[in-house]
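S.K.: Handing you a structure now.
The values are calculated or read from the model by the stated rules, or taken from the named source; none is laboratory data. Predicted, not measured: the structure shown is a model, and the values here were computed from it. A quick note on method: Cβ atoms are made from the backbone with ideal geometry, for glycine too, and the neighbour counts reach across all protein chains shown. Side chains included, ligands, DNA and RNA excluded: accessible areas come from the protein's heavy atoms. Shrake-Rupley method; radii C 1.70, N 1.55, O 1.52, S 1.80 Å.
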Amino acid sequence: MSEILIGECLFLRLKQLGIGTVFGVPGDLVEPLGLSWVGAPNELIGAYAADGYARLNGLGALVTRFDLGELSALCGIGGSNCESVPVLHIVGYPTTPAQKERKDPSSYLGGWKLCCATTVLDDPTTTAAEIDMSILVQNSLDACPPSAPESEAAVTTEIVSRLELAKSPILIVSGGAARANWAEHVDPLIQALKIPFLVTGLGKGIADEMSPYYQGCYAGEGSWLRSAIGLVQEADCILWLGNYPSDFNTGIFTEKLDHCTIIDLQRFFVNIGATKYDARINHVLPKLIPALSSHYPLAQRTKQNPQVDQQLSLPASNKIEQDWLWSRLTSYLRPGDLVITETGTAQVGITATRFPSGCHGWTQSVYGSIGYAAGAAAGAAIAAKETGKYKRLVLVTGEGSLQLTVQAFSMLTRYRIVPVVFALNNYGYTIERYFRGWDAKYNDIPMWDYAALFKAFAPDVEPRVKGYKVTTAEELDELLSDGELCDSVVPQCVDMIMDPKDVPEAMRTVFEGKNAM
């Protein structure tokens, strides 16, 4: 019988499972044989990149050395685990004798667990099985056992029955279920249901927002459109895909729901009111859609009017105001765009931006690690190039978050990724100021020339990079219609100077309500 090294076995299996690229830091201990290697400036950015890659590809991989590398990557791995993003973290350990005798000169911490499954490949006879088991536990490829057919049938029948009786049913799309293996069913479900639907912050970018049934983003009292709140509160049947009640996803827990009306489909179960079924979202939806389409009363529902976008006239102040900016970005985005949004103000604001058909994106709104978006954008763009799914990368981030992981720009340019970066420059951390006082100096950050960043990080590409600094709404409006920015054939960064005390109205509503409690 021919032999194969453990490392070769591991990376061969990853290639079989659809991984084309592995992320890590130059100098780490494991070479990804047979796969493309993308070196990150540090382990944290590498972890963020693997997360972004996994959200598009279905599975991502990160290689670090033990202890020092593991610790540096923990925040990224924790965020992936928290949001059910399947990332395989591969750690190059010292030899077994060195571990037992503690002879390795580097620090040794004895292992950390911030993931859903861990294993140490030290027994050649069990290596292949342990590799597959680790991936299986993450449910990367939806390899979990199928739910009981009788449960799936009962769930389908009950959902159809409830919808038939409902006078004002709605659908809410969130992101608490699996990342990729159920999203393909969402738009067909919407067409079969013919009822109003909303998305949450976590669910944005999954459903077609140009659908005539789209009614905006729901985040409790943090919803941009007050009509979205009314729809949810008046609904007598809420079909909820992957409900994930995190703070940013719920307007800091300000939603007001009658839980008896909720049908919550999750990765491993379905809750209908107070009854829990052993059924899985990606197994139920393919059965539910034809059941709805063939059910005559439901199939005859009338279409809803399309959601009207907000007013796009320039602000009277001519400042780049939050409530104008996010609506203005709607007309800038194009089908085929990949939009990655940073934690904080940006992830609240982007919920007011209506994505065109074929536009995909996300934000990390559960773990909420600032600096995530720049690294994730690099990984996502590499996955997009491999799959051919998306054309233009749009990164929307705050200037404070960007300062944490700006080195990711060097990954973007090195691997010939052409992003358009919008930096919200309001001189510090707005959310923290809102909670702790506008004059809190510890929320200030050093000023950078963000428009010049790509010149610094891409000396071999410059002068074919571009940077812009805009201070008025009129300047930004004109720039967003500029062909060079729209066509995006070179890396570009837009430094948007904004009022430090200006926040999205939806955020202001939530914070003022919380402060008054």
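S.K.: Go through 267-275, 231-239 and give me the packing order, highest mean Cβ count within 10 Å leading. Write out the running numbers ahead of the final one.
M.R.: Numbers: 267-275: 15.8, 231-239: 19.0.
Sorting 267-275, 231-239 by mean packing, highest first, produces 231-239, 267-275.
S.K.: When ligands, DNA and RNA are left out and all protein chains stay put, how many square angstrom of accessible area per residue does region 149-301 have with a 1.4 Å probe?
M.R.: Values: 5690 Å² over 153 residues.
Result: 37 Å² of accessible area for each residue.
S.K.: Would you mind checking the radius of gyration and Dmax of region 149-301 based on alpha-carbon positions, in Å?
M.R.: Cα radius of gyration and Dmax of region 149-301 are 14.1, 41 Å respectively.
S.K.: Taking 24 Å as the cut-off for C-alpha to C-alpha distance, list the pairs among Lys204/Lys256; Lys204/Lys469; Lys287/Lys385; Lys389/Lys469 that go past it.
M.R.: Working: Lys204/Lys256 20 Å; Lys204/Lys469 28 Å; Lys287/Lys385 33 Å; Lys389/Lys469 31 Å.
Beyond 24 Å: Lys204/Lys469; Lys287/Lys385; Lys389/Lys469.
S.K.: Also: Run the quick spin-label model on Ala316 and His259: label points 7 Å from Cα toward the beta carbon, then report their separation in nm to one decimal.
M.R.: 4.6 nm
S.K.: How much area per residue is accessible in region 322-514 when the probe is 1.4 Å and only protein heavy atoms are counted (Å²)? Write out the running numbers ahead of the final one.
M.R.: Working: 6960 Å² over 193 residues.
Accessible area per residue, region 322-514: 36 Å².
S.K.: Each label point is 7 Å from the Cα along the Cα-to-Cβ direction; what then is the distance between the points at Thr330 and Lys501, in nm?
M.R.: 2.9 nm
S.K.: Using alpha-carbon positions, what is the distance between the centroids of region 487-511 and region 230-267, in Å?
M.R.: 28 Å
S.K.: Take the Cα pairs of region 6-93, get the Kirkwood Rh, then feed it into Stokes-Einstein at 4 °C and 1.567 mPa s and tell me D in µm²/s.
M.R.: Numbers: Rh = 12.4 Å.
My calculation gives 104 µm²/s for D.
S.K.: Moving to a separate point now. What does the net charge come to around Thr261 if you take all other residues with beta carbon closer than 11 Å to its beta carbon, with K and R at +1 and D and E at -1? Mind dumping the intermediate values first?
M.R.: Working: positive: Arg162; negative: Glu234, Asp236, Asp258, Asp264.
Charge balance in the 11 Å sphere: -3.
S.K.: Of Trp224, Trp448, which has the most accessible area and how do the rest follow, probe 1.4 Å?
M.R.: Details: Trp224 35, Trp448 85 Å².
The residues order as Trp448, Trp224, largest area first.
S.K.: Give the residue list of trypsin sites (Lys or Arg not before Pro) in region 461-506 that are DSSP loop and have at most 14 other beta-carbon atoms within 10 angstrom. Each step should come with its number before you reach the end.
M.R.: Values: sites: Arg464, Lys466, Lys469, Lys501; in loops: Arg464, Lys501.
The qualifying sites are Arg464, Lys501.
S.K.: While we're on this one: How large is the accessible surface of Arg508 in square angstrom, using a 1.4 angstrom probe and rounding to the nearest 10?
M.R.: Near enough 60 Å² of accessible area.
S.K.: Same structure, new question: Quick check on region 149-301: of the DSSP beta bridges with both residues there, what percent are antiparallel, nearest 5%?
M.R.: On the way: 6 of 21 bridges.
Here the antiparallel bridges make up roughly 30 percent for region 149-301.
S.K.: Then there's this: When the accessible area of region 322-514 is split by element with a 1.4 Å probe, what percent falls to carbon and sulfur? It would help to have the intermediate numbers written out before the result.
M.R.: Details: 3560 of 6960 Å².
Percent of accessible area from carbon and sulfur atoms in region 322-514: 51.
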